[in-house]
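J.: One structure is given below, represented as structure tokens, and several questions about it will come after.
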Amino acid sequence: MLSAPIQRPPLTGWQTFGLYFAMVTTLSALTLTTPTVLARSTSLASALVWVGPWTSVVLTLVLLSWWVARRTGVGVRDGYGIAPRWARSERRLVRTEHALDTAITAGVALSVYLTVYAFTWLMNPTPTPAGGWLPVVLFTQTATAVASELVLLGVLAAVATALKWGGQTFVLVSMTSRIAIADPHWSALLASAVGGAFIAALYLHTRRLTPILIAHTTAATSLTLMGAWASSLT
């Protein structure tokens, strides 16, 4: 006779917040170690050695974000806003409206991230991060962008739902978390504070994570390629 599946109780609000705090701490450590990983990853062989453990941490954060969504009952699609079901409809006009909203959200988020990256680079101009191998730099920058949005918006949305936070608290905590994982330079801290507040407010208004993910990865890719091009001119 088959036994009934074990029904685990959902995560409480403070348990979810504790996980969120641990994930933000991990993200901060990840950003601090990234320059070392890039400096050591100058070839395919060295990249496999150094990027492998780094990638496992990113993958753990992504999977843990998915796990939190399920254990809190928020859901990845409708709760986090990754291809939400409510954005789909049998009516073509409604689908077109949702697609337009997604495009506008992505455009606004892309503008914010490009402004943040441009300001940070102008205040502290640097070449391709740590002079790393370009494919590795592209991978680390885009992977960090995806993991950070899943944690700082998606998981935090689960925390806010569980603890019944208001919009201002959500924006404040998300902004503070972005400051915590930013590079320890005044320009990066300032840009993370202002940009983080805008992105959190945008997400709160639209509850769509997919366009923000696309915007952040596009901005990170553009910055990396421009940095590599600038480095080739010197």
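No value in this document is a laboratory result; all are computed from the given coordinates. Just so you know, these numbers come straight off a predicted model, no measurement behind them. Quick reminder, even Gly has a Cβ in these numbers, built from the backbone with ideal geometry, and neighbours come from all protein chains shown.
J.: Which residue, chosen from W66, A103, A215, occupies the Cα position most advanced towards the positive end of the dipole of the chain, where the dipole is computed from +1 (Lys, Arg) and -1 (Asp, Glu) charges on Cβ about the Cα centre?
T.: Comparing the listed Cα positions along the dipole, W66 ranks first.
J.: First select every other residue whose beta carbon is under 15 angstrom from the beta carbon of L153; then total the charges, Lys and Arg +1, Asp and Glu -1.
T.: Net of charged neighbours comes to +2.
J.: Could you work out the helix-only [θ] at 222 nm for the chain, with each DSSP H run of four or more residues adding -39,500 (n - 2.57) and the total divided by the number of residues, to the nearest 500 deg cm²/dmol?
T.: For the chain, the value works out to -25500 deg cm²/dmol.
J.: What is the local net charge at A162, summed over the other residues whose Cβ is closer than 15 Å to its Cβ (Lys, Arg +1; Asp, Glu -1)?
T.: Counting the neighbours of A162, the net charge comes to +3.
J.: What does the charge count near S28 come to, summing +1 for each Lys or Arg and -1 for each Asp or Glu among other residues with Cβ under 12 Å from its Cβ?
T.: Charge balance near S28 sits at 0.
J.: Pick from L48, L64, L204 the residue whose mean-square fluctuation is largest in a GNM of the chain, springs joining Cα atoms under 10 Å.
T.: So, out of L48, L64, L204, the one fluctuating most is L48.
J.: With +1 on the Cβ of every Lys and Arg and -1 on the Cβ of every Asp and Glu, and nothing else charged, how large is the dipole of the chain about its Cα centre, in debye rounded to the nearest 20?
T.: 640
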